[in-house]
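Have a look at the structure below before the remarks.
The values are calculated or read from the model by the stated rules, or taken from the named source; none is laboratory data. Fair warning: this is a prediction, and the values are worked out from it, not measured in the lab. Using ideal geometry, Cβ is built from the backbone for each residue, glycine included, and neighbour counts are taken over all protein chains shown. Only protein heavy atoms, including side chains, enter the accessible area calculation; ligands, DNA and RNA are left aside. Shrake-Rupley method; radii C 1.70, N 1.55, O 1.52, S 1.80 Å.
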Amino acid sequence: MSAFQNGGAPARAIDDESDVEEEALVADYREQVQYEGMEELEPVTSMSMAQQTDDIQSRLAAAAQPLDFSAPLEVKFASYDNYCSLFHFILNSDGPVDLEPPSYYWAWDVIDEFIYQFNSFCSYRNRVARQGANEEEIQILREAPNTWGCYSVLNVLYSLIQRSQINEQLAAMKRNEEPMAVAGDYGSKSLYRMLGYFSIIGLLRVHCLLGDFSLALKTLDDIELNKKAMFARVMAAHFTTYYYVGFSYMMMRRYADAIRMFSHILIYVSRTKNFQKNAQYDSISKKNDQMYALIAICVAFHPTRLDDTIHTALREKYGDQLLKLQRGGPESLPIFEELFKSSCPKFISPTPPDFDNPELNVDPLDHHLAIFMDEVKTNMWSPTVKSYLRLYTTMDLKKLAGFLEVEPEKLRGWLLVNKQRSRQIRWTDNGLLDGEVVNSNDLDYAMQGDLIHISEAKVGRKLVDWYLRNLARTY
Amino acid sequence: MGVPFDFAPERPEHIDAILNGLDRYNPETTQVFQDYVTEQCETKTYDCYANLALLKLRNAVLTVMRLCSYQFNPHLTKDETITNILVKSLTVFPSPDFSLALHLLPPHILTPASASSALPAAGDAPLSEAVQKLNVLNNLLAQASYAAFWSTLDSDDLYADLIADVAGFEELIRIRIALTISQSVREIERAVLESWLGLQGETFDKFVNGVCGWEIEGTVVKVPLNKENEAKGTIVRENVKMEQFSRVIRRAYEQPA
């Protein structure tokens, strides 16, 4: 695990060969899982430290412990206070705190749990305010508006990032420079560096939960999404990152990029699932299903060839739904809704609830869903139109309108919409928000008066991938 | 093409500095952002990334207001700025900017007016109504129902108020519509195009000839060929690189049979 603490660039002599890398990563993950039980046997580096440090160590460990979902309000309040005092201690002591994190994935666990508790608290508070039934709890929540406040959480994450100079360090690493040169007093300590690093992932998540999808992607500017990235060494972090990046892309209508993200992580999970046996696997398998549902949505918007593994699993899990989504039309709307609802993150309302006007406390999920469904409705005729156009090279618009039983004017609109939506921004290089406009449709057409000229882009058979894979298997 | 989402050529340095720092959550910068939005409206420039930051800042301000039980400077949450941002983002359709802005508004904003107008205390009812009206426009544009877009725009005085601050709104929208048309059309009947552009007679001729550079021939308007409306069939072939085989080749050296 020392490679991680040395700055995340494992000193393995491998080139940019993703297969080799992936194998190494898989092996590494297997090792983590197997050694998990031996944690306690490892000698604690701070043996010689004073009693006070032991106390801190137990607080550090406690911060990473999951809180029971059904815990009463007082416990949630207390947990918030604990986080506040812990982060206050870490951030605002005289100079950097001299502590070693209990384990290398501790920092992720803390940030993850911190955000999870924030998220579930907000959902709970919103629900209480919406239902307006439990007077006692309303009173408690009304009197403590700052507890688990959205801006306190953002503040913690931003502060951890700034203190650790992690963005500067990552930028230096990208330029192949020594990160320690810009790390400063705080950032050179592994505690701060790791907390800072995972706070970036945490920020990605919080922005996404608040509905700010572009800022969510912008947050990862300094992190390179590849298998050498630091987050890839912690399975849950790896997984979470790709889920939120993929979801943000989907909401920005960059379906090709979203599919790429989801596919990447799902393939990785399918390769490692044989040795995931702990409790963590339950949460992963739930998110796994959610990502398959999201892929189904994206594929409906942007028909494309999926990786074989993904395609098979998708058909197994969501075969019927996928078929309906791909057929489009009004019948597909409830399916879109159902899949979106079951697989989106638990959105948070950006403002605290208004206890005096319960009607105003709409579930943020409904808000985001409504906006998303408008886009679905805009697109819902594209599959129908395309299925007809595919059959002809030229076609009279009025005749086609007759087939479809719509007004010619309406059909013209559909044709324009389909053309617009097939122009998508796709990532090529640099930051996640960058990209180029590409034509993602294999069907192209143009209207000359009422005559539609149709042409198809045929894709030649792709043999190299198949050939290489089989070669690797036998040789 | 290939311009990053967060890039705006005309963005002044001080705005850039705020966007990249923690001041993007500082209520005191609201005024700076509001001035910047006004400037965009006047100069026909557009900076989505900065505008989204203002919408986010507004939520921060609303939160503070609620925490201090509304004893906060109300001018900080000027509704006009919000609607101006939305109107501006209409002018760049079919990009997702309008939706991205909607996602950042409070969740109750899209609930039907009947529920919120009954509550004058909520204070948000006029904004809510305006946002919903603009959302109707956005959906019409997204669905390429351009004729319906122009008639809806004319149907209500509220729309005239909403777009009043944005210089050249109709012109900007027309250019966008023309752009999407040029993607899929080589020839189009004059009557259809008139309804899509919301223009008639001489102004129509002037726009089509002058701004778009298209030709009017009798009752037909001809759009010159471009990359998008060519619709040429192609065969995509696989691009094989030597590097893809490097592993196989190396294996051959590593394990001599």
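Output the residue which, of all residues in the range A:156-199 that are hydrophobic (A, V, I, L, M, F, W, C) and in contact with a Gly (Cβ under 6 Å, 6 or more places away or on another chain), is farthest from B:Leu22 (Cα to Cα). Full working, then the answer.
Within the range A:156-199, the first condition is being hydrophobic (A, V, I, L, M, F, W, C), and the residues that meet it are A:156-157, A:160-161, A:166, A:170-173, A:180-183, A:191, A:194-195, A:198.
Those left that are additionally in contact with a Gly (Cβ under 6 Å, 6 or more places away or on another chain): A:157, A:160-161, A:166.
Numbers: A:Leu157: 11, A:Leu160: 13, A:Ile161: 11, A:Ile166: 16 Å.
The selected residue is A:Ile166.
Every residue in the range A:367-384 that is at the interface with chain B (Cβ under 7 Å from one of its Cβ atoms) and open to solvent by 20 Å² or more (accessible area, probe 1.4 Å), please.
Filtering the range A:367-384 for residues at the interface with chain B (Cβ under 7 Å from one of its Cβ atoms) gives A:367-368, A:370-371, A:374-375, A:378.
Within the range A:367-384, A:Ala370, A:Asp374 qualify.
Conditions (1) in contact with a Pro (Cβ under 8 Å, 6 or more places away or on another chain); (2) surrounded by 22 or more Cβ atoms within 10 Å (Cβ to Cβ), marked per residue:
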residue	(1), (2)
A:Arg205	yes, yes
A:Leu209	yes, yes
A:Phe213	no, yes
A:Asp222	no, no
A:Lys228	yes, no
A:Thr240	no, yes
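Just checking, which of A:Glu375, A:Glu456 is in contact (Cβ under 8 Å) with a residue 40 or more places away in the chain and in the same structural domain as A:Met251 (by the TED database)?
On the way: A:Glu456 fails: in the same structural domain as A:Met251 (by the TED database).
It is A:Glu375.
Among B:Ile173, B:Ile249, which is under 24 Å from A:Glu409 (Cα atoms) and either within 11 Å of chain A (Cβ to nearest Cβ) or β-branched (Val, Ile, Thr) (or both)? Steps first, please.
Numbers: B:Ile249 fails: under 24 Å from A:Glu409 (Cα atoms).
Residue meeting the stated conditions: B:Ile173.
Checking the structure you have, find out if any residue of the range A:459-471 is closer than 21 Å to A:Cys298 by Cβ, more than 7 Å from chain B (Cβ to nearest Cβ) and either touching a Leu at 6+ places or on another chain (Cβ under 7 Å) or outside any helix (DSSP H, G or I) (or both).
no
Taking the conditions exactly as written (free of Cβ contacts under 8 Å to residues at least 40 places away in the same chain and more than 7 Å from chain B (Cβ to nearest Cβ)), does A:Leu432 satisfy them or not? Spell out the reasoning first.
Numbers: free of Cβ contacts under 8 Å to residues at least 40 places away in the same chain: no; more than 7 Å from chain B (Cβ to nearest Cβ): yes.
Against the criterion (free of Cβ contacts under 8 Å to residues at least 40 places away in the same chain and more than 7 Å from chain B (Cβ to nearest Cβ)), A:Leu432 does not qualify.
For every residue, the table says whether it meets (1) assigned by the TED database to the domain that holds A:Tyr186; (2) open to solvent by less than 40 Å² (accessible area, probe 1.4 Å); (3) at pLDDT 80 or above.
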{"residue": "A:Gln52", "(1), (2), (3)": "no, no, no"}
{"residue": "A:Phe77", "(1), (2), (3)": "yes, yes, yes"}
{"residue": "A:Tyr80", "(1), (2), (3)": "yes, yes, yes"}
{"residue": "A:Ile90", "(1), (2), (3)": "yes, yes, yes"}
{"residue": "A:Val97", "(1), (2), (3)": "yes, yes, yes"}
{"residue": "A:Pro102", "(1), (2), (3)": "yes, no, no"}
{"residue": "A:Tyr124", "(1), (2), (3)": "yes, no, yes"}
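Quick check on the range A:385-393. Is at least one of its residues β-branched (Val, Ile, Thr) and either crowded, with 18+ Cβ neighbours inside 10 Å or assigned by the TED database to the domain that holds A:Val299 (or both)? Break it down into steps so the answer makes sense when it comes.
Residues of the range A:385-393 that are β-branched (Val, Ile, Thr), as a first pass: A:385, A:393.
The next check asks that each one be either crowded, with 18+ Cβ neighbours inside 10 Å or assigned by the TED database to the domain that holds A:Val299 (or both); those that pass are A:385.
The answer is yes, given that some residue of the range A:385-393 is β-branched (Val, Ile, Thr) and either crowded, with 18+ Cβ neighbours inside 10 Å or assigned by the TED database to the domain that holds A:Val299 (or both).
Out of (1) at negative phi; (2) open to solvent by less than 70 Å² (accessible area, probe 1.4 Å); (3) away from chain A (no Cβ under 11 Å), what's the single condition that is false for B:Gly201?
If we test B:Gly201 against (1) at negative phi; (2) open to solvent by less than 70 Å² (accessible area, probe 1.4 Å); (3) away from chain A (no Cβ under 11 Å), just (1) comes out false.
What's the number of the only condition in (1) touching a Leu at 6+ places or on another chain (Cβ under 7 Å); (2) of a type in the set (A, V, I, L, M, F, W, C); (3) open to solvent by 70 Å² or more (accessible area, probe 1.4 Å) that A:Leu432 fails to meet?
Condition (3) is where A:Leu432 drops out.
Given the conditions (1) within 26 Å of A:Ser283 (Cα to Cα); (2) of a type in the set (Asp, Glu); (3) at pLDDT 85 or above, report the number of the one that A:Glu224 does not fulfil.
(3)
Run A:Ser270 past the list (1) outside the structural domain of A:Leu294 (by the TED database); (2) over 30 Å from B:Leu57 (Cβ atoms); (3) open to solvent by 10 Å² or more (accessible area, probe 1.4 Å) and report the number of the one that doesn't hold.
Just one mismatch for A:Ser270, condition (1).
Restricting to helices (runs of 4 or more DSSP H) lying wholly in the range A:346-413: which have 2 or more residues that are on the phi > 0 side of the Ramachandran plot and touching a Lys or Arg at 6+ places or on another chain (Cβ under 7 Å)?
Details: elements: A:364-379, A:382-389, A:397-404.
Here the list is empty.
Look at B:Phe93 and say whether it is aromatic (Phe, Trp, Tyr) and at pLDDT below 90. Give the steps one after another, and end with the answer.
Working: aromatic (Phe, Trp, Tyr): yes; at pLDDT below 90: yes.
Spelling it out, B:Phe93 is indeed aromatic (Phe, Trp, Tyr) and at pLDDT below 90.
Is it the case that A:Ile295 is open to solvent by less than 10 Å² (accessible area, probe 1.4 Å), under 18 Å from A:Ser343 (Cα atoms) and modelled with pLDDT under 80?
no
Can you confirm whether the range B:21-28 contains a residue that is of a type in the set (A, V, I, L, M, F, W, C) and open to solvent by less than 10 Å² (accessible area, probe 1.4 Å)? Let's see the steps before the verdict.
Filtering the range B:21-28 for residues of a type in the set (A, V, I, L, M, F, W, C) gives B:22.
Checking the rest, the ones that are also open to solvent by less than 10 Å² (accessible area, probe 1.4 Å) come to none.
Checking the range B:21-28: not a single residue is of a type in the set (A, V, I, L, M, F, W, C) and open to solvent by less than 10 Å² (accessible area, probe 1.4 Å).
Is it the case that A:Asp289 is in a helix (DSSP H, G or I) and under 19 Å from the mean Cα position of the chain (by Cα)? Before you say what the answer is, go through the steps one by one.
Working: in a helix (DSSP H, G or I): yes; under 19 Å from the mean Cα position of the chain (by Cα): yes.
When the stated conditions are applied, A:Asp289 passes them.
What about A:Leu468, is it of a type outside the set (Lys, Arg) and under 23 Å from A:Arg253 (Cβ atoms)? Don't jump to the end; show me each part of the working.
On the way: of a type outside the set (Lys, Arg): yes; under 23 Å from A:Arg253 (Cβ atoms): no.
No, not satisfied.
Would you say A:Ser263 is assigned by the TED database to the domain that holds A:Ile310, open to solvent by 10 Å² or more (accessible area, probe 1.4 Å) and of a type in the set (S, T, N, Q)? Talk me through it step by step, then tell me what you get.
Details: assigned by the TED database to the domain that holds A:Ile310: yes; open to solvent by 10 Å² or more (accessible area, probe 1.4 Å): yes; of a type in the set (S, T, N, Q): yes.
Here the answer is yes, as A:Ser263 does meet what is asked.
Can you name every residue in the range B:204-256 that is of a type in the set (Asp, Glu), assigned to a helix (DSSP H, G or I) and open to solvent by less than 60 Å² (accessible area, probe 1.4 Å)? Even if it seems obvious, please write down each step before you answer.
Applying the first criterion (of a type in the set (Asp, Glu)) to the range B:204-256 yields B:205, B:215, B:217, B:228, B:230, B:238, B:243, B:254.
Of the ones still in play, those that are also assigned to a helix (DSSP H, G or I) are B:205, B:243, B:254.
Within the range B:204-256, just B:Asp205 meets the criteria.
Inspect all residues belonging to the range A:341-350 and state whether any of them is of a type outside the set (Phe, Trp, Tyr) and free of Cβ contacts under 8 Å to residues at least 24 places away in the same chain. Explain how you work it out, then say what you get.
Filtering the range A:341-350 down to residues of a type outside the set (Phe, Trp, Tyr) leaves A:341-346, A:348-350.
With the extra rule that they be free of Cβ contacts under 8 Å to residues at least 24 places away in the same chain, the set shrinks to none.
No - not one qualifying residue is present in the range A:341-350.
For the condition over 23 Å from the mean Cα position of the chain (by Cα), open to solvent by 20 Å² or more (accessible area, probe 1.4 Å) and either at pLDDT below 90 or among the hydrophobic types (A, V, I, L, M, F, W, C) (or both), what is the one hit in A:Glu331, A:Glu359?
Details: A:Glu331 fails: either at pLDDT below 90 or among the hydrophobic types (A, V, I, L, M, F, W, C) (or both).
The match here is A:Glu359.
Only one of A:Gln290, A:Gln280 is surrounded by fewer than 22 Cβ atoms within 10 Å (Cβ to Cβ), at pLDDT 90 or above and more than 25 Å from A:Ser387 (Cβ to Cβ); which?
Working: A:Gln280 fails: at pLDDT 90 or above.
Answer to the check: A:Gln290.
Rundown of residues vs (1) surrounded by 18 or more Cβ atoms within 10 Å (Cβ to Cβ); (2) among the hydroxyl-bearing types (Ser, Thr, Tyr); (3) within 9 Å of chain B (Cβ to nearest Cβ), yes/no style:
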position: A:Leu400; (1), (2), (3): yes, no, no
position: A:Glu405; (1), (2), (3): no, no, no
position: A:Gly413; (1), (2), (3): yes, no, yes
position: A:Leu416; (1), (2), (3): yes, no, yes
position: A:Lys419; (1), (2), (3): yes, no, yes
position: A:Ser422; (1), (2), (3): yes, yes, no
